[in-house]
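Here is the structure we will look at, set down as structure tokens.
Taken together, the values in this text are just the output of simple stated rules run on the coordinates, not laboratory data. The structure displayed is predicted, hence computed values, not measured ones. Here the Cβ positions follow ideal geometry from the backbone for every residue, glycine too, while neighbour counts run over all protein chains shown.
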Amino acid sequence: METPLNHMNTYRETTRPLTGSTIRRKGSQIEIQDVSHFIRDYFSSGSTEVRFDYFLLIHVMKGSGNCRVGRRTIYLKSDSFCYVYPGQVIIPEVDMVIEGTVIKFTPEFLSSSKDEVWALLRSDLFSIYRPCNMAISDGTQPEIRQYIQTMTREYSENRELCHEVLRSLLRILIIMLGRGSSERDVEGLRRREVDQVNAFYELVNKNLVSLKKVSEYARLLAISCGTLNALIKKVSGFTARHYVQQQIILEAKRQILWEGKSLKEIAYSLGFVDISHFSRFFKNVAGINFSDFRSSNPI
């Protein structure tokens, strides 16, 4: 099954109250740290579950243990990866002892082009449907470890053009891991429902500027708004409206980060006639006003 790609961009804290702690991005689009430090920083102060607004790529080099991601418990073992979609709740096992590396990144970090980001992540490593964990084949273990070590060293040394090096290495790593991933069925969904979800994501991607109402997409899919919302909530935990809003914010952030456009320019490019309406929309959905986001993320 081919996973819809544009679903991968809802990388912000949700608009509904969250259980546990929410970790917000602090300006950087990529962070790399040791697994033990990751657990210490986010789970040692009494927090039992955390939601991140990053994609998480967790490399387990040694050890094993269970970790709950969303509603699933996955088993982590030596020489394996765990892939976590933004917004999924993470609850590590209390006595889990593993060694490895955690790479947290946003889709903007990979590329300024949405199409290129989706193409890189097309392998279904990061899925809105369910968390994924995958063992590394014996033949690629040394090479994968070398990439992780090089990224960790580059991140810690923070030398000139550090982010460009990290971006290139991360892209290669994702491609390599994607080659080894296998197609996975989506539990609880019939083939027709999977097709409808894919079709919805594709329609939003193509018509984001002109169509912003769930009823418009439901009509194109020849299903009711209630059916569409129930289906999208079934696979993502969020409503169809939430997804459409996240796509608008993602594109706005992309234009801020990569094109340096003004509030007015972005509003018009996304089909908003009233600039003040777009400004309120951005703050309500993104959780931060436009100027603050721009100042905290210099081009």
Equivalent ellipsoid, the stretch 191-296 (semi-axes from 5 times Cα gyration tensor eigenvalues, Å): 28, 13, 12
³J(HN,Hα), Karplus 6.51/-1.76/1.60, whole Hz, each residue of the stretch 135-150, x for Gly, Pro: 6, 8, 5, 4, x, 9, 4, x, 5, 5, 4, 5, 4, 4, 5, 5
Neighbour-count order for 174, 91, fewest beta carbons within 10 angstrom listed first: 91, 174
Karplus-derived HN-Hα couplings along the stretch 217-233 (A = 6.51, B = -1.76, C = 1.60, θ = phi - 60°), whole Hz, x at Gly and Pro: 6, 4, 5, 5, 8, 6, 9, 7, 4, x, 5, 5, 4, 5, 5, 5, 5
Members of 62/283; 234/283; 206/233; 62/253; 206/261 lying beyond 31 Å, as alpha-carbon distances in this model show: 62/283; 62/253
Extension reserve of the residue 159-residue 195 stretch, reckoned as 0.36 nm per residue once the Cα distance is removed: 8.4 nm
Local electrostatic count, residue 255, Cβ distance below 9 Å [Lys/Arg +1, Asp/Glu -1]: 0
Length released on extending from residue 210 to residue 135, taking residue separation times 0.36 nm less the Cα-Cα span: 22.7 nm
Built amide H within the under 5 Å cut-off of residue 99, gap 5+: 61, 62, 63
Residue 136 long-range amide H proximity, modeled H, under 5 Å: 80, 81
Formal net charge of residues neighbouring residue 98 (Cβ-Cβ distance under 14 Å; K, R +1; D, E -1): -2
